[in-house]
1. Short version: ³J(HN,Hα) in whole Hz for each residue of the stretch 214-228, in order, from phi by Karplus 6.51 cos²θ - 1.76 cosθ + 1.60 (θ = phi - 60°), x for Gly and Pro, what are they?
2. DSSP loop trypsin sites (Lys or Arg not before Pro) in the stretch 129-174 with at most 13 other Cβ atoms within 10 Å of their Cβ, which ones?
3. Exactly which chymotrypsin sites (Phe, Trp or Tyr not before Pro) in the stretch 132-233 are in a DSSP loop and have at most 16 other Cβ atoms within 10 Å?
4. What relative contact order, as a whole-number percentage, does the chain give when Cα pairs under 8 Å and 6 or more residues apart are counted?
5. Find which of VAL53, GLY153, VAL35 sits farthest along the positive direction of the dipole of the chain, computed with +1 on the beta-carbon of Lys and Arg, -1 on that of Asp and Glu, about the Cα centre.
6. Could you give the dipole magnitude of the chain about its Cα centre, charging the beta-carbon of Lys and Arg +1 and that of Asp and Glu -1, in debye to the nearest 20?
7. What ³J(HN,Hα) values, in whole Hz, does the Karplus curve 6.51 cos²θ - 1.76 cosθ + 1.60 give for the stretch 15-26 when θ = phi - 60°, with x put for Gly and Pro?
8. Build a GNM of the chain with springs between Cα atoms under 10 Å: which of THR60, THR87, THR204 gets the top mean-square fluctuation?
Amino acid sequence: MKEPVVFVRANMIKLFLGIALLVIGGGFLLQQFGVWNFGYVFSQWWPILIICVGVIQLLTKSLSIIASSIVILVGALLLFNRLALFTVNFWGVFWALILILLGVWILFSRMRVGADQSSRDDYLQVFALFSGPSPKVFSEHFKGGFAAAMFGGADIDLTEAKLDEKGAVLDVFVAFGGVNIYVPKGWKAHVAGLPLFGGWDNKTKKSEDSDPNQPPFTVRALVLFGGMDIRER
């Protein structure tokens, strides 16, 4: 059931990248022949690319709704700024809106701020703000959840957890921080999402001896000026 979804996501991203490169390359080629001042147009409208990426992430569910909305928001703010549609401080508005989105998510989620560091819940909820929580999960049917780290870090230990038969999806948001996720050997870990001025690294090893029926573990990540690692322990 998972493979067709991954295939569709890959094709949509491939289609977008192909069209974007053709348009950009063609535009600069026309500029060389004096047909079109594409450099000026591109300097004004390039944030549309970020908006398109956010829309694709939303349609393919490569990111959570909130994370996809943040990507679209970043592109829209950059576009408005480039077109001089507003003169307010870009980063001030950007961080204010991100805090509002996270606040809405916290209010309507099941997250328990300051909860016990160990849990048997099937859904993980972690929020690190200028702090470094290290939750350990003992769920017998782990299904995923949400982890956010802003100006802080989180070490998430899933080595004692067992995946639900349908797999698990963990949404991760990192801004000026870092998240380390520790998983047992043999888990099929997949990472999807978008690194903006940040990055992630999937350090799990694919073994020929791994169980082919092992449910997938998917991490959907939005990383801004930070990092995320998935490691075996």
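Read-outs throughout are calculated quantities, based only on the coordinates presented, and are distinct from any laboratory measurement. Given the structure is predicted, the values throughout are model-derived calculations rather than measurements. Here the Cβ is made from the backbone with ideal geometry for all residues, glycine too, and neighbour counts use every protein chain on show.
1. So the Karplus estimates, Gly and Pro as x, are 5, x, x, 10, 10, 10, 9, 10, 10, 10, 10, 6, x, x, 9 Hz.
2. Details: sites: LYS136, LYS143, LYS162, LYS166; in loops: LYS143, LYS162, LYS166.
When the trypsin sites (Lys or Arg not before Pro) of the stretch 129-174 are filtered for loop state and at most 13 Cβ neighbours within 10 Å, LYS166 remain.
3. Sparse-neighbourhood loop chymotrypsin sites (Phe, Trp or Tyr not before Pro): PHE138, PHE151, PHE176, PHE197, PHE225.
4. Numbers: 436 pairs, mean separation 32.1, N = 233.
Relative contact order here is 14 percent.
5. Of the options given, the answer is VAL35.
6. In total the dipole reaches around 360 debye.
7. 4, 5, 4, x, 5, 4, 5, 5, 5, 5, x, x
8. Sorting by GNM fluctuation, first place goes to THR87.
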